[in-house]
Structure formats: structure tokens, C-alpha cells
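Contents: one structure, followed by commentary.
The values are calculated or read from the model by the stated rules, or taken from the named source; none is laboratory data. Every value quoted in this text rests on a predicted model; they were computed, and no experiment measured them. Cβ coordinates were reconstructed from backbone atoms using ideal geometry, including for glycine residues, and neighbour counts include every protein chain displayed.
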Amino acid sequence: MIDEIEQDAEARMAKSLEALRQALARIRTGRAHPSLLDHILVNYYGSEVPLKQVANITVEDARTLAITPWEKSMVQPIEKAILQSDLGINPNTAGAVIRIILPPLTEDRRKALIKRARQEGEQGRVAIRNIRRDANASLKEMVKEKMISEDEERRGQEHIQKLTDRFIKQVDQLLEEKERDLITL
């Protein structure tokens, strides 16, 4: 019973950590990376699909991404989706290839991106703490229903706290790496 609660908490914390990884990948650094475009949805014959399902995305150099649509008719919808995204970048089209040139980050933009990364990190920490709270509430409920003893509850809470500490530490490491990426060119 206690093991199930711990396993569930660990699985949910891992999902929260993965969601944070994806959120941080969307915050652009000075380097071009295909994951910058992962969250962009393109109108493909009436339905919204991820950009990577309708085009090939490659890195040409440190600041340039090249997008090659599978179909020539998709150039306009892809351009439109990129312009409407929250990235603030303008695509350049040359025939069937769309190039995105990332401008160098200004000091103010770097600070804003670091602030946004820290907000994402704090949301990740809050999510992990909420999972800890839910797991501890489940343990308390089991004590109330006399399914486990108070000693077992205390041991379970200690295990869950260790899990929480481990995942919070991983959140902090992800955040440190992202801040380092944003500070360096």
C-alpha cells in the first residue's frame, strides 16, 4: 500500500520534471535548436498538427534553422504559424525552404528569458510539492482508516520527502544549466 503511494508520487514527479524540461527547451538561447519549434502547431488541411510532422527541421549553423516542408503547399501555413508563435522571429522563405535566423540576444532579453526560466522552475517545484502533499494526505487517510500504523506513516512520509528533495534538486540543476546557456553565447 505505502509502496504504491510512493511509486505513484515518483511517477508523477518524473512527469512534472519532464514537463519542466520541455518548457525550458521552448525558451530560446543564443543557439539554434530544432526543439525551439516543437510547440508550434500548423494548420494542415483543417487540423492543427505539430510542425515537425509536416516538415523537416535542420540546423544550418549556430543561428540558423532550415525548415523544409514535405509538401510545397505547406510553406505559407508554416510561415503563418511561426509568425503567430510566441518566439518573436521572422521566417525567410527561399522557394520551398524556410530559414529562421535567430538574432543575437540582447542583455535585457537575456534577463527576461532567465526570469521566465526561473518562473518555469518555480512552477515545477510547486508541482512536485503538491504531489508530496497529495501522497502525505493519502498516508494520513490510511492511518485514519487503520490500514497502516503511525510509524509506517512516518516512514512513508520520510521516503516521500527524500523523493521530493531529489526531484527539487533535479529542477534546480535543470534551471542552472538553462541559465548558463542563456548567459553564454
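Please tell me if residue 6 is assigned to a helix (DSSP H, G or I), of a type in the set (Asp, Glu) and surrounded by 12 or more Cβ atoms within 10 Å (Cβ to Cβ).
When the stated conditions are applied, residue 6 passes them.
For residue 98, all conditions in the list (1) out of contact with any strand residue (DSSP E or B) (no Cβ under 7 Å at 6 or more places or on another chain); (2) surrounded by 13 or more Cβ atoms within 10 Å (Cβ to Cβ); (3) farther than 26 Å from residue 20 by Cβ hold save one; what is the number of the exception?
Only one criterion in (1) out of contact with any strand residue (DSSP E or B) (no Cβ under 7 Å at 6 or more places or on another chain); (2) surrounded by 13 or more Cβ atoms within 10 Å (Cβ to Cβ); (3) farther than 26 Å from residue 20 by Cβ is unmet by residue 98, namely (1).
For residues that are within 30 Å of residue 179 (Cα to Cα) and of a type in the set (Asp, Glu), tally how many sit in segment 119-152.
The total comes to 2.
Which condition breaks for residue 62 when tested against (1) modelled with pLDDT of 85 or more; (2) touching a Lys or Arg at 6+ places or on another chain (Cβ under 7 Å); (3) surrounded by fewer than 16 Cβ atoms within 10 Å (Cβ to Cβ)?
Failed condition: (1).
Of all residues in segment 122-146, how many are under 27 Å from the mean Cα position of the chain (by Cα) and over 21 Å from residue 11 (Cβ atoms)?
Here the count works out to 1.
I want to confirm something. Restricting to segment 167-185 and keeping residues that are among the β-branched types (Val, Ile, Thr) and either touching a strand residue (DSSP E or B) at 6+ places or on another chain (Cβ under 7 Å) or part of a helix (DSSP H, G or I) (or both), which single residue is modelled with the lowest pLDDT?
Residue satisfying both the conditions and the ranking: 183.
Of a type in the set (D, E, K, R) and not in a helix (DSSP H, G or I): is that true of residue 146 in this structure?
In short, yes.
When the residues of segment 68-91 are narrowed to those that are within 23 Å of residue 109 (Cβ to Cβ) and of a type in the set (Val, Ile, Thr), which ends up modelled with the lowest pLDDT?
Result: 89.
Among the numbered conditions (1) in a helix (DSSP H, G or I); (2) surrounded by fewer than 16 Cβ atoms within 10 Å (Cβ to Cβ); (3) of a type in the set (Ser, Thr, Tyr), tell me where residue 164 comes up short.
Unmet for residue 164, out of (1) in a helix (DSSP H, G or I); (2) surrounded by fewer than 16 Cβ atoms within 10 Å (Cβ to Cβ); (3) of a type in the set (Ser, Thr, Tyr): (2).
I'd like the residue in segment 73-95 that is surrounded by 15 or more Cβ atoms within 10 Å (Cβ to Cβ) and out of contact with any strand residue (DSSP E or B) (no Cβ under 8 Å at 6 or more places or on another chain) and, out of all such residues, is nearest to residue 32 (Cα to Cα).
Selected residue: 87.
To keep it simple, each residue is scored yes or no on (1) aliphatic (A, V, I, L, M); (2) under 24 Å from the mean Cα position of the chain (by Cα); (3) surrounded by 12 or more Cβ atoms within 10 Å (Cβ to Cβ).
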| residue | (1), (2), (3) |
| --- | --- |
| 106 | no, yes, no |
| 109 | no, yes, yes |
| 116 | no, yes, yes |
| 148 | yes, no, yes |
| 184 | no, yes, no |
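Out of 87, 83, 20, I need the residue that is in contact with a Leu (Cβ under 7 Å, 6 or more places away or on another chain) and over 30 Å from residue 133 (Cα atoms). Which one?
Unique residue meeting the criteria: 87.
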